[in-house]
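Heads up: the structure comes next, in structure tokens.
The values are calculated or read from the model by the stated rules, or taken from the named source; none is laboratory data. It should be emphasised that the depicted structure is a prediction, and the values quoted were computed from it without experimental measurement. Cβ atoms come from the backbone with ideal geometry, glycine included; neighbour counts cover every protein chain shown.
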Amino acid sequence: MNKDLSQLQQYPFEKLSTLKAGLQPPAQLDHIALSMGEPQHPMPHFVIENLIAHMHQLSNYPSTRGTLELRIAITDWLQSRFKIQPGMLDPEVNLLPVSGTREALFAIAQCVIDRSTGDAMVMMPNPFYQIYEGAALLAAAQPVYLDCLPENDFLPDLDSVDESQWARCQMIYICSPGNPTGAVMPAEYLRKLIDLAHRHEFVIASDECYSEIYFDESEPPPGLLGVAAEMGNDRFSHCLAFHSLSKRSNLPGLRSGFVAGDAKILEKFLLYRTYHGCALPSATQTASTAAWGEESHVVENRRLYREKFEQVLALLSDTLAPQKPQAGFYLWAKSPIADTEFTQRLYAEQNLTVLPGRYLARDHGSGNPGENRVRMALVAPLDECVDAAHRINSLLATL
């Protein structure tokens with residue numbers, strides 16, 4: 001067996017199941033799950049109809065590179081969304097479809113990390129999406145955790161990294177808007193990171209799967225490729241951005257996304273993926289082409305989240321007082337008691353499940369930045385989210 005498997009920690013939701021084991025929630029209350037970031041808004045019907053209409057394509061092997069129609073649709077969307085000059089992104093070399101960002105974010109580390117050095121580092125935010133850590137460990141690299149704290153606007157502290165660590169860094173994972181903090185990396189932050197990547201020769205893997213969930217229609221979060229283009233990095237050197245239809249279009253089960261950026265890296269990633277055997281089914285590619293080409297359902301999706309945040313935050317403002325995120329659909333709230341105990345009591349007394357913040361972060365010598373926080377995903381229907389806020393207040397009244 002691969003010895004590095006022994007370094008993998010129990011996944012957060014497995015820890016959560018253990019934490020809840022043996023607890024008996026009140027039977028008269030229906031369960032409300034705010035623990036998992038699984039979108040619950042209606043799927044766009046035109047995508048489902050497109051998928052059904054092309055099921056006959058299951059008789060053909062799909063292309064790992066993806067259809068030209070899909071790559072053009074994604075290129076057009078990227079250029080429009082991130083204000084990239086037409087022609088900068090070449091659909092032939094600058095992007096690949098992937099089976100959702102989770103698969104690709106894991107696979108990219110296996111592709112780009114040079115194991116022969118014996119001392120490779122992969123940096124990541126802390127707290128973080130657990131795939132980053134697992135990918136680094138199974139690529140025989142050392143994870144380096146960059147704490148995301150309120151005093152740094154919940155952004156990874158790049159200044160905490162010394163020159164010797166940058167010299168060993170082969171890749172950095174970033175997530176903007178952040179999971180679980182909701183923090184958005186401003187353009188100047190991304191410019192600084194791109195400069196560092198060129199100076200120290202590492203790859204930036206930018207997880208942007210929450211980029212289309214934001215509150216002000218006039219201020220969408222910036223993206224890595226848009227900032228690179230604005231800097232004159234028209235080859236997107238050292239830059240990879242990962243996007244998905246899961247959150248944007250409420251299609252988590254479609255398992256459809258893409259990675260775009262540096263053509264030299266993507267050439268090798270295509271080779272890796274050809275052997276990896278992860279091509280999107282042809283019908284999925286056709287349906288995805290339709291999804292990337294339509295924006296009205298995405299605007300409506302944002303409206304639904306905006307309504308939930310407004311009502312939930314109003315109900316919790318005088319009690320739990322969570323901070324409104326800059327984007328995304330998570331509340332990263334302080335817990336009035338230990339996050340694990342708060343989670344247990346919410347479940348045992350209110351039949352409400354949240355996720356302890358410590359399960360999403362690591363203590364690497366300076367404390368666990370997720371401790372005494374909980375992540376709440378406002379993915380359930382509005383009435384359930386409002387009910388959840390009332391239940392939280394009911395528990396808080398007893399503390």
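Which of the residues belonging to region 118-131 are in a loop (DSSP other than H, G, I, E, B) and either in contact with a Leu (Cβ under 9 Å, 6 or more places away or on another chain) or polar (S, T, N, Q) (or both)? Across region 118-131, the qualifying residues are Pro127, Phe128, Tyr129, Gln130. Pairing residues of region 100-113 that are touching a residue at least 60 places away in the same chain (Cβ under 8 Å) with residues that are assigned to a helix (DSSP H, G or I) and polar (S, T, N, Q), at Cβ distances under 9 Å and at least 6 apart in sequence or on separate chains, gives Gly100/Ser246; Thr101/Ser246.
Can you find a residue in region 200-216 that is at pLDDT 95 or above, in the same structural domain as Cys148 (by TED's automatic domain parsing), surrounded by fewer than 24 Cβ atoms within 10 Å (Cβ to Cβ) and small (Gly, Ala, Ser)? Within region 200-216, none of the residues are at pLDDT 95 or above, in the same structural domain as Cys148 (by TED's automatic domain parsing), surrounded by fewer than 24 Cβ atoms within 10 Å (Cβ to Cβ) and small (Gly, Ala, Ser).
Taking region 301-331 as the range and being small (Gly, Ala, Ser) and under 20 Å from Ser176 (Cα atoms) as the test, the residues that pass are Ala327, Gly328. Listed conditions (1) in a helix (DSSP H, G or I); (2) crowded, with 24+ Cβ neighbours inside 10 Å are all met by Leu331, apart from (1). Taking the criterion of being among the hydroxyl-bearing types (Ser, Thr, Tyr) and touching a Pro at 6+ places or on another chain (Cβ under 8 Å), the residues of region 232-257 that qualify are Ser246, Ser249, Ser256.
Listed here are the residues, each with its yes/no results for (1) farther than 23 Å from Leu251 by Cα; (2) in a helix (DSSP H, G or I); (3) modelled with pLDDT of 95 or more.
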position: Lys83; (1), (2), (3): yes, no, yes
position: Gly87; (1), (2), (3): yes, no, no
position: Pro97; (1), (2), (3): no, no, yes
position: Cys111; (1), (2), (3): yes, yes, yes
position: Ser116; (1), (2), (3): yes, yes, no
position: Glu133; (1), (2), (3): yes, yes, yes
position: Ala140; (1), (2), (3): yes, no, yes
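Report, by residue number, each residue of region 157-195 that is in contact (Cβ under 8 Å) with a residue 40 or more places away in the chain, of a type in the set (S, T, N, Q) and within 25 Å of Gly365 (Cβ to Cβ). Gln165, Gln170, Asn179, Thr181 - these are the residues of region 157-195 that are in contact (Cβ under 8 Å) with a residue 40 or more places away in the chain, of a type in the set (S, T, N, Q) and within 25 Å of Gly365 (Cβ to Cβ).
Where residues in region 136-155 are within 24 Å of Lys192 (Cβ to Cβ) and touching a helix residue (DSSP H, G or I) at 6+ places or on another chain (Cβ under 8 Å), which of them is surrounded by the fewest Cβ atoms within 10 Å (Cβ to Cβ)? Here the answer is Gln142. So Lys324 clears everything in (1) in a loop (DSSP other than H, G, I, E, B); (2) modelled with pLDDT of 95 or more; (3) surrounded by 15 or more Cβ atoms within 10 Å (Cβ to Cβ) except one condition, right? Which one? Here Lys324 clears every test but (3).
Within region 166-201, the set of residues being touching a strand residue (DSSP E or B) at 6+ places or on another chain (Cβ under 6 Å) and more than 21 Å from Arg235 (Cβ to Cβ) comprises Arg168, Tyr173, Cys175, Pro177, Pro180, Thr181, Gly182, Val184. Exactly one residue out of Glu310, Glu294, Glu300 is under 30 Å from Leu395 (Cβ atoms), modelled with pLDDT of 95 or more and either part of a helix (DSSP H, G or I) or of a type in the set (Asp, Glu) (or both): that is Glu310.
In region 52-74, which residue that is within 24 Å of the chain's Cα centre (by Cα) and part of a loop (DSSP other than H, G, I, E, B) is surrounded by the most Cβ atoms within 10 Å (Cβ to Cβ)?
As a first pass, look at region 52-74 and keep what is within 24 Å of the chain's Cα centre (by Cα): 64-66, 70-74.
Next, from what is left, pick out any that are part of a loop (DSSP other than H, G, I, E, B): 64-66.
Numbers: Thr64: 19, Arg65: 19, Gly66: 23.
Going through the qualifying residues, I end up with Gly66.
Among the residues of region 21-51, those that are hydrophobic (A, V, I, L, M, F, W, C) and either loosely packed, with under 12 Cβ neighbours inside 10 Å or part of a loop (DSSP other than H, G, I, E, B) (or both) comprise Ala21, Leu23, Ala27, Leu29, Leu34, Met36, Met43. Restricted to region 267-308, and to residues there that are buried (at least 20 other Cβ atoms within 10 Å of the Cβ) and among the aromatic types (Phe, Trp, Tyr), the residue that is nearest to Leu95 (Cα to Cα) is Phe269. What are the residues in region 362-399 that are within 24 Å of the chain's Cα centre (by Cα) and either on the phi > 0 side of the Ramachandran plot or assigned by TED's automatic domain parsing to the domain that holds Gln142 (or both), if any? Of everything in region 362-399, those that are within 24 Å of the chain's Cα centre (by Cα) and either on the phi > 0 side of the Ramachandran plot or assigned by TED's automatic domain parsing to the domain that holds Gln142 (or both) turn out to be Gly367, Asn372.
Would you tally the residues in region 346-369 being under 15 Å from Pro143 (Cβ atoms), touching a Pro at 6+ places or on another chain (Cβ under 7 Å) and among the small types (Gly, Ala, Ser)? Total meeting the criteria: 1.
Look through Leu8, Leu96 and report the one residue that is over 19 Å from Phe242 (Cβ atoms), in contact (Cβ under 8 Å) with a residue 24 or more places away in the chain and not β-branched (Val, Ile, Thr). Quick ask: steps written out before the conclusion?
Working: Leu96 fails: over 19 Å from Phe242 (Cβ atoms).
Sole residue among the options that is over 19 Å from Phe242 (Cβ atoms), in contact (Cβ under 8 Å) with a residue 24 or more places away in the chain and not β-branched (Val, Ile, Thr): Leu8.
For region 196-208, state whether one or more residues are farther than 28 Å from Ala120 by Cα and in contact (Cβ under 8 Å) with a residue 24 or more places away in the chain.
Start the filter on region 196-208 by keeping residues that are farther than 28 Å from Ala120 by Cα, which leaves none.
Taking every residue of region 196-208 in turn, none turns out to be farther than 28 Å from Ala120 by Cα and in contact (Cβ under 8 Å) with a residue 24 or more places away in the chain.
Checking the structure you have, find out if any residue of region 374-386 is closer than 14 Å to Thr319 by Cβ and in contact with an Asp or Glu (Cβ under 6 Å, 6 or more places away or on another chain). Yes, region 374-386 contains at least one residue that is closer than 14 Å to Thr319 by Cβ and in contact with an Asp or Glu (Cβ under 6 Å, 6 or more places away or on another chain).
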